[in-house]
Amino acid sequence: MSQDNVGVVRSVYEAFARGDVPAVLATMDPKIEWNEAENFPYADKNPYVGPTAVLEGVFARLGGEWEYFKLALEELLDAGDTVVSRGRYDAVYKKTGAKISAQFVHFWKLREGKVLSFQQYTDTLQVAKAIGG
């Protein structure tokens, strides 16, 4: 089952890269708990509970405030019901034109092919500087 979990998480990154938000949301459990990194601009409403909260509180803000926000996946680690991913964000903030290239680590918890929880870790200082903070 754990390799199936890795496949689910990989499909999330692939869908996000295509801009297929409905496919990303379809992988989420109805009661998903999504947490942005402490001090990340979108951590203000942690935890986001449910796919609609993630869509409105995270994805819509990313799409509205950033020229682009890309994720380059570098590694997926299989830990059974938990999948750990490592990669890099590349993005440009619309209002300032500032670029980021920040490392990230994500912890995904899954059950029966659905994402139960997500925890992000990243360089929040780099992001704060990009948005003018």
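The values are calculated or read from the model by the stated rules, or taken from the named source; none is laboratory data. Everything quoted here is computed from the prediction, not taken from an experiment. Backbone-built Cβ (ideal geometry, glycine too); neighbour counts: all protein chains shown. Side chains included, ligands, DNA and RNA excluded: accessible areas come from the protein's heavy atoms. Shrake-Rupley method; radii C 1.70, N 1.55, O 1.52, S 1.80 Å.
Quick notes on this structure:
- Cα gyration tensor, the range 38-116 - rounded (a/c under 1.5), prolate or oblate: oblate
- Ordering Val84, Pro51, Ala98 by the projection of their Cα atoms onto the charge dipole of the range 1-110, which places +1 on the Cβ of Lys and Arg and -1 on the Cβ of Asp and Glu, puts Ala98 at the extreme positive end.
- Length gained on full extension, Ile131 to Arg61: 23.9 nm, using 0.36 nm per residue less the C-alpha separation.
- Think of it as helices only: each DSSP H run of n ≥ 4 in the chain is worth -39500 (n - 2.57), and spread over all residues that comes to -8000 deg cm²/dmol at 222 nm.
- Most mobile of Ser85, Ser11, Ser117 in a GNM of the chain (Cα contacts under 10 Å): Ser11
- Note, ³J(HN,Hα) from phi for the range 72-89, Karplus 6.51, -1.76, 1.60, rounded to Hz, x at Gly and Pro: 9, 6, 10, 7, 10, 10, 8, 10, x, 6, 10, 10, 10, 10, 10, x, 9, 8
- The mean accessible area for residues of the chain, using a 1.4 Å probe and ignoring ligands and nucleic acids, is 53 Å² per residue.
- Over the chain, relative contact order from alpha-carbon pairs under 8 Å, at least 6 apart, %: 26 percent
- Split the accessible area of the range 59-111 by element, probe 1.4 Å, and carbon with sulfur accounts for 49%.
- Cα long-axis angle, helix 2-18 against the chain (0 to 90 degrees, to the nearest 10): 30 degrees
- Cα gyration tensor category, rounded, prolate or oblate, for the range 1-71 with a/c compared to 1.5: oblate
- Cross-link pairs exceeding 19 Å between alpha carbons, from the set Lys31/Lys114; Lys70/Lys99; Lys31/Lys109; Lys45/Lys94; Lys94/Lys129: Lys45/Lys94.
- Extension gain, Val8 to Ser101: 0.36 nm times the residue separation minus the Cα-Cα distance gives 31.0 nm.
- Centroid-to-centroid separation of the range 2-19 and the range 91-133 [C-alpha atoms, Å]: 17 Å
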